[in-house]
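**Student:** Before we start, here is the structure in question, set down as C-alpha cells.
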Amino acid sequence: MSPPPGLNVRGVRIWPGFLSPAAQAAMLADLRHVAAAAPFFAPVTPSGRPMTVRMTAAGQFGWITDRRGYRYEPHHPNGKPWPPIPPAVLAVWDAVSDCPRPPECCLINLYRDSARMGLHQDKDEADFTCPVVSVSLGDDALFRIGNVEKGGTTQSLWLRSGDVLVLGGDARLIYHGVDRIRPGSSTLLHSGGRINLTLRVVT
Ligand code: SIN
Ligand code: FE2
C-alpha cells in the first residue's frame, strides 16, 4: 500500500504529527523496555571522538561506532542480542516505507542538552532501494537537509515529537543532521531530551 503524501523537502518526505500524543507515550514505554535490556551507551567515532548522543538499538542488527569503525553488529556491546523492534514501531514502517522488506535495525539515539549530529549520509546498508524511516519523540530538533552529493546549500526545519520522516528514493543518500535540540520543549521524556528512531533494512 502506498503511503499518504506527506510534505516533500528536497525529496525527504515528512509527516508532521504522525503519532498522536497517546501513541508517542505508548511507544516511549516500549522503548523503556528496550533500553532496560539494551542500555544506552556512549559511542565514539573511529577517530576516538565521543559522540554527543547516547545510542542503543533494537532488531536483528544495531548500528554502532567505536575505534574499529562504523558498522552493524548483531549484539549490543554487552554481548547480548538486541531486543526485538516493538510492534508499534514496525507499524510506522509499514505505513510509510512503501518497502516490502521489514526493517532489520531500529537505531535509537538519545539527545540531551547540547547533543547534536553532524551532516552525514546513512550508507552502511547493503540495499539503498529500501528507505530509512525516522521517528521523533520528545524535544524539538533542528534537522538539516543537504544534498545527495557533499556540499551545497542546506535547508533546516524543526522536527517535533510524533513527526515521521522518510529518506527514500532519490533522497535515500541525502546528507542530513541535527544542529541542536530545544531542551524543555516537550514533556514526553520524564528526564527531558529527544529520542530519534531510525529504521533501516541492513542486508
Ligand atoms: C540520524 O540521522 O541518525 C538521526 C536523525 C535525527 O536524529 O533526526
Ligand atoms: Fe542518519
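**Student:** Expressed in nm to one decimal, what extension gain is obtained for the pair residue 40 and residue 70 from 0.36 nm per residue of sequence separation less their Cα-Cα distance?
**Tutor:** 9.1 nm
**Student:** Right, another one. List, in order, the whole-Hz ³J(HN,Hα) value for each residue of region 45-51 obtained from phi through the Karplus relation with A = 6.51, B = -1.76, C = 1.60 and θ = phi - 60°; use x for Gly and Pro.
**Tutor:** For region 45-51, the Karplus curve yields 6, x, 7, x, 7, x, 7 Hz.
**Student:** Residue 14: net charge of surrounding residues, Cβ under 12 Å, Lys/Arg +1, Asp/Glu -1, itself excluded?
**Tutor:** +2
**Student:** Let me ask something else about it. Report the net charge of residues surrounding residue 163, where surrounding means a beta-carbon distance below 14 angstrom and charges are Lys +1, Arg +1, Asp -1, Glu -1.
**Tutor:** +2
**Student:** Using a Gaussian network model of the chain whose springs link C-alpha atoms within less than 10 Å, name the residue from 100, 74, 183 with the highest mean-square fluctuation.
**Tutor:** Maximum fluctuation in the GNM of the chain, among the listed residues, is at 100.
**Student:** A further question follows. Out of the trypsin sites (Lys or Arg not before Pro) in region 147-188, which ones are loop residues according to DSSP with at most 12 other C-beta atoms within 10 Å?
**Tutor:** 150
**Student:** On full extension of the chain, what length is gained from residue 126 through residue 101, given 0.36 nm per residue of separation minus the C-alpha to C-alpha distance?
**Tutor:** 7.7 nm
**Student:** Let me ask you something else. Assuming 0.36 nm per residue, please report the length gained on full extension of the stretch residue 173 to residue 185 beyond their Cα-Cα distance.
**Tutor:** 1.4 nm
**Student:** I've got another one for you. Between residue 47 and residue 153, take the C-beta separation as r, use R0 = 35 Å, and let me know the FRET efficiency to the nearest 0.05.
**Tutor:** The pair residue 47/residue 153 has a calculated efficiency of 0.80.
**Student:** In Å and from the alpha-carbon atoms only, list the Rg and Dmax of the chain.
**Tutor:** 15.5, 43
Read-outs throughout are calculated quantities, based only on the coordinates presented, and are distinct from any laboratory measurement. This structure is a prediction, so every number in the text was calculated from the model and none was measured. We place every Cβ from the backbone using ideal geometry, glycine too, and count neighbours over all the protein chains shown.
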